[in-house]
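Following: one structure in structure tokens, then a few remarks.
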Amino acid sequence: MTSTPEPLPLTMPRTKMLRPSRFWQIAEPIAPPLSWLFFSLSIGIPLILWALISNSGWVEPLFLPTPQQVGRAAQGLWASGDLPKDIVASVWRISVGFLLAAIISIPLGVIMGTFASIRALLEPIIGIIRYMPAPAFIPLLILYFGIGEAPKIILIFIGVLFFNTLMVMDSVKFVPKELIETTYTLGGNRWQTLFQVIFPYVTPNIIDACRVNLAAAWQLVIVAELIAATEGLGRRISVAGRFLKTDEIFVGLIVIGIIGLAIDLLFRLLLRTTCHWASK
Amino acid sequence: MHLEVNHLYKRFKIRQGSLLVLEDINLHVEEGEFVCAVGASGSGKSTLLRLLAGLDMPTTGEIRVDGIQVTGPGADRGLVFQSYTLYPWMTVEQNVGFGLKLRGVSRAERQSRVWDYLEVVGLSNFAKAYPKELSGGMRQRVAIARALASEPKILLMDEPFGALDIQTKEDMQEFLLELWERTRKTIFMITHDVEEAVFLSNRIYVLSARPGSIQREVIIDQPDQRHHVIKRQQWFLDYKDTITDLLRGNTSQPFIVA
């Protein structure tokens, strides 16, 4: 006879099962109606709190203007043509700087990810430059390019270029080796493998890297406009700050948030329409 | 001789010195033959297949296909991996036609060949489907069709059914046999599954482990019509036992060994 271990003390529940939950499920989606509810709460609650606090008179309007004041300021800026001009100026700088960075960083990142030789050649220098904060280049850029559009666009360009290159490079790591080797045994050469297998495979990751780094471009355009600009959303905010127009600061911040969210959604849409195979 | 391997050695560098993975491998596969190499894990069988495919280079020794020495991967040696290696952004049709596309075959020519091979693997109805919509067995059939569509001289298979459940595996074995009987494509397959090897092949190379070397060559005297019921017949079980014993290192039972 073998001795069996003593049973656990009776105070410990023997048959405790995980209770079902609609709210706390791990690694499971929540129901769509619930999802929409939370979406509206996420934006609605801060808005309502803002309206309540600012209208209650507890806080000085200089620190926290009411939504109505901000709305009126937005109308005024829009009607005078200042706000459209600011939006166009900022969006233009981001578009040009980001596009130039994307045109270089995407092929460069794919090539660095694909060929260990190119990676060994370029990764050290890019790795160092990446850690230099892009705004720290502003004095140099002003020295080299003056105070026109060029230094602002170049600031965005260098701020995006290195991060995007390294993120694209990293995504190439996830191309299964068997997929590349299969291509060789089907008679593919290295260039065909690069353009027809590696590139399509990492396209969803490239789109995602661009989406993330576009957010960084927004940070930089605002910084660039704080230094020297006649128009732009960052310029608008710094001017409003100088004249203590808190409502206009809010207008600038909210407009940036909305444009950023719109671009983010646009990229998600692009991902879903061009790379439907990558979705689960 | 169609495929021949002479005095092949493969050594891998490891932290302390080097590790001999394959030792003096000599084998040959004739045109139209179905040959398996069976071995336990550690017998270097995957390494052997990679060398045949040209994805890795031998330390010494040579591999020749129709007399030409293998110096790298090429379309004359099709390869089917165990893992699913379909291109996820391509439809079944595009996957099967990809080898032809890489070699510059025109779209029209490609289309008709792709349809032929989809017919062969019984997936005509799934031409427009994406890999993620297919079951494991179907994916492997697409991978086989893709390898065949490039019309390789020899088809190399690395445990192609290793990831499938037992029923699907048996279906795929019968499917592969049928395909082989119809096309008489030369096939060299590696597997650890002795039953699979006996069922499919004309000849088996039994590999020993650490370092991998060829222990025996066993000729399988097969009936023409093979159905998986033969797996229960005595002659089949005898082959299976003999090879299993060889793999275990128990060679006390002499049998029909070439």
* If you go through the range B:89-109 one residue at a time, how many are within 11 Å of chain A (Cβ to nearest Cβ) and either in contact with a strand residue (DSSP E or B) (Cβ under 7 Å, 6 or more places away or on another chain) or not in a helix (DSSP H, G or I) (or both)? -> 6
* To do: Taking A:ARG211 as the residue in question, decide whether it is charged (D, E, K, R) and under 22 Å from A:SER90 (Cβ atoms).
  => yes
* To do: Could you list, in sequence order, all residues of the range A:55-104 that are more than 30 Å from the chain's Cα centre (by Cα) and among the hydroxyl-bearing types (Ser, Thr, Tyr)?
  => A:SER56, A:SER80
* To do: Kindly indicate which of B:SER112, B:SER18 is without any contact (Cβ under 8 Å) to a residue 24 or more places away in the chain, of a type in the set (Gly, Ala, Ser), in contact with a strand residue (DSSP E or B) (Cβ under 6 Å, 6 or more places away or on another chain) and away from every other protein chain (no Cβ under 11 Å).
  => B:SER18
* Would it be correct to say that B:ASP76 is within 10 Å of chain A (Cβ to nearest Cβ) and acidic (Asp, Glu)? -> yes
* Asked: Any chance the range A:270-277 includes a residue that's hydrophobic (A, V, I, L, M, F, W, C), away from chain B (no Cβ under 14 Å) and over 26 Å from A:LEU140 (Cβ atoms)?
  -> yes
* Qualifying helices (runs of 4 or more DSSP H) (wholly inside the range A:174-262; at least 1 residues being within 11 Å of chain B (Cβ to nearest Cβ), within 22 Å of the chain's Cα centre (by Cα) and among the aliphatic types (A, V, I, L, M)) -> A:199-227
* **Total residues in the range A:93-121, condition surrounded by 11 or more Cβ atoms within 10 Å (Cβ to Cβ) and either touching a residue at least 24 places away in the same chain (Cβ under 8 Å) or among the polar types (S, T, N, Q) (or both)** => 20
* Return yes when A:VAL172 is of a type outside the set (Asp, Glu), over 18 Å from A:PHE98 (Cβ atoms), out of contact with any strand residue (DSSP E or B) (no Cβ under 7 Å at 6 or more places or on another chain) and in contact (Cβ under 8 Å) with a residue 60 or more places away in the chain and no when it is not. => yes
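Each value in this text was obtained by applying a stated rule to the coordinates, not by laboratory testing. Being a predicted model, the structure only gives us computed values, none of them experimental. Please note: Cβ atoms are built from the backbone with ideal geometry, for glycine as well, and neighbour counts cover all protein chains shown.
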